[in-house]
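The values are calculated or read from the model by the stated rules, or taken from the named source; none is laboratory data. Please read these numbers as outputs of a predicted model, since none were measured by experiment. Quick reminder, even Gly has a Cβ in these numbers, built from the backbone with ideal geometry, and neighbours come from all protein chains shown. Note: accessible area is taken over every heavy atom of the protein model, side chains too, but ligands, DNA and RNA are not part of it. Shrake-Rupley method; radii C 1.70, N 1.55, O 1.52, S 1.80 Å.
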Amino acid sequence: MGYQIAIDGPAGAGKSTIAKLIAKQKNFIYVDTGAMYRAMALYLLRNNVKADDITAVAETCVNADITIRYKNGEQIVLLNGENVNPCLRTEEVGFMASTSSANPKVRGHLLGLQIKLAEENDVVMDGRDIGTCILPNAQVKIFLTASSRVRANRRYLELKGKNIPCDLDQIEQDIIKRDHQDMNREHAPLKQADDAILVDSSNMTIEEVTAEIMKIVG
Ligand code: C5P
């Protein structure tokens, strides 16, 4: 077992940005588990599976071979051998990931890969259930959050920066809906582990959050 830093929290809290910076400073690998759920969602969408069709999701997910590689420190997700990184960050895939990840078959299919990565490497792993389910003995557990308005605004600015038309209120509604699904599902819901340290980044810069977590990591 390597050294484990688990970062959980709701959508858009800045987990991946922060986790990447921490991983770089510690020379650990960064494992983005959300990207694995997104790759699975993409596979289900491509196979025209309806998110709420529990049987079809369970039957189809076993045919998705999801692995990861690292290229210049960046995690590349391979779906049946194809690099799907460019297809993962859409709202459609994010929402499908949130719905299909409630299915225990989907979670079971991805759990082995996540645990193996943590067994073989020092990791910063982010997601929803890392501190509670995947790495219950992680040396450091962080629950990173921010108000829904702040999270929506960060996403809004990111999309604006890419000249993608968007609406702040709509983005906030989508975030609230996804959080609600993630927190209220039966299997591995999003929640702060008892021994996780809460970091609310609503009024903090990326540098401040990174510094605070680095202080905890030591
Ligand atoms: O973090 P990201 O927005 O990429 O995650 C997409 C979706 O994948 C989340 O809304 C959540 O439902 C699911 N997920 C999960 N468990 C994880 C990581 C992500 O259920 N460890």
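Only one of these conditions is not met by GLY131: (1) in contact (Cβ under 8 Å) with a residue 24 or more places away in the chain; (2) out of contact with any Asp or Glu (no Cβ under 8 Å at 6 or more places or on another chain). Which number is it?
(2)
Could you tell me whether GLU91 is over 13 Å from TYR37 (Cβ atoms), within 12 Å of the ligand (Cβ to nearest atom) and of a type in the set (Asp, Glu)?
Yes: the conditions hold for GLU91.
Scan THR33, THR90 and give me the residue that is hydroxyl-bearing (Ser, Thr, Tyr), over 22 Å from PRO189 (Cβ atoms) and open to solvent by less than 70 Å² (accessible area, probe 1.4 Å).
So the residue among THR33, THR90 that is hydroxyl-bearing (Ser, Thr, Tyr), over 22 Å from PRO189 (Cβ atoms) and open to solvent by less than 70 Å² (accessible area, probe 1.4 Å) is THR90.
Quick check on the stretch 116-131: of everything there that is within 10 Å of the ligand (Cβ to nearest atom) and among the acidic types (Asp, Glu), which residue is nearest to ARG178 (Cα to Cα)?
ASP129
Looking at the stretch 1-94, what strands (runs of 3 or more DSSP E) fall wholly within it and have at least 3 residues that are within 13 Å of the chain's Cα centre (by Cα) and touching a residue at least 12 places away in the same chain (Cβ under 8 Å)? Reasoning before the result, please.
On the way: elements: 4-8, 29-32, 66-71, 74-79.
In the stretch 1-94, the matching strands (runs of 3 or more DSSP E) lie at 4-8, 29-32.
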